[in-house]
1. If you add up the charges near G111, with Lys and Arg at +1 and Asp and Glu at -1, over every other residue whose beta carbon is less than 14 angstrom from its beta carbon, what do you get?
2. Please list, in order along the stretch 117-127, the HN-Hα scalar couplings obtained from phi with the Karplus expression 6.51 cos²θ - 1.76 cosθ + 1.60 (θ = phi - 60°), rounded to whole Hz, x for Gly and Pro.
3. Using Cα centres only, tell me the gap between the stretch 147-179 and the stretch 59-103 in whole Å.
4. Taking H as built 1.01 Å from N, whose amide H comes closer than 5 Å to the amide H of A163, not counting residues under 5 places away?
5. Are there trypsin sites (Lys or Arg not before Pro) in the stretch 80-168 that DSSP puts in a loop and that have at most 14 other Cβ atoms within 10 Å, and which ones?
6. What's the angle, to the nearest 10 degrees (0 to 90), between helix 3-18's Cα axis and the longest principal axis of the chain?
7. Select from W58, G30, T72 the residue farthest towards the positive end of the dipole of the stretch 27-72; place +1 on Cβ of Lys and Arg, -1 on Cβ of Asp and Glu, and compute about the Cα centre.
8. By count of other Cβ within 10 Å, fewest leading, how are S117, S42 ordered?
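Bear in mind that the values in this text are calculations on the coordinates, not laboratory data. From a predicted model like this one, the values you see are computed outputs, not experimental measurements. When we count neighbours, we look across all protein chains shown, and the Cβ atoms used for this are built from the backbone with ideal geometry, even at glycine.
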Amino acid sequence: MNLFNRILLIYSVIQILKSDPINRNIIIDGNFDDWLNVPSYSDPRDNINGTVYQESPWFPSLKIPDCHDADTKILTDMPKHTYNPNVNIIEFKIAHDDSSLYVYYRVVDDGVIGKTSVGPHEFNRSDPSKPSAGRFYIITTVNLDMNDTTGYWLHEGGYYPTAPGFDANFEIEFYNGTYNQ
């Protein structure tokens with residue numbers, strides 16, 4: 001893509017974002033009424049049997065469990081199903097203003113975003129029954145330049161189904177039962 005086309009593309013994206021009045025007044029205050037008119041995207045509810053799958057347009061023959069672990073980091077790995085209502089996202093929304101990007105997530109009714117185990121020690125794989133401080137991440141990845149040939153593949157962070165071209169991410173971490181600032 002030549003320089004003129006890049007500038008035109010960037011200008012067009014900026015104009016589209018500026019002209020979108022729906023995504024203007026998000027206030028982080030615990031009241032979600034300001035999200036009512038923001039377009040919503042849904043994700044299917046997972047089940048205890050692990051029979052809900054996601055598909056990747058890059059690997060259409062693979063059936064990837066909707067809720068899964070993040071222990072794999074190889075392109076062809078298949079993550080293991082993990083049923084956890086605290087991470088079973090069923091709806092998300094994205095909004096912005098002139099300085100910030102906002103993301104809204106909703107999990108199944110009995111799930112709690114950020115719920116972790118609480119304990120005096122780090123998790124010990126050789127003794128998983130020992131009380132330990134748990135971690136919970138909400139990570140949003142973004143393909144900023146809309147170019148699949150730049151950036152990284154999602155599986156490099158343990159996320160599936162994988163896709164190419166992600167340039168940035170932001171995350172929120174909960175640790176040992178609380179928001180980690």
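1. -3
2. 6, 10, x, x, 10, 5, 5, 10, 4, 7, 9
3. Spelled out, the Cα-based centre of one part sits 9 Å from the other.
4. Result for A163 returns L154, H155.
5. Within the stretch 80-168, the qualifying trypsin sites (Lys or Arg not before Pro) (loop, at most 14 other Cβ atoms within 10 Å) are K80, R125.
6. Result, in degrees: 70.
7. W58
8. Least to most surrounded, the residues fall as S42, S117.
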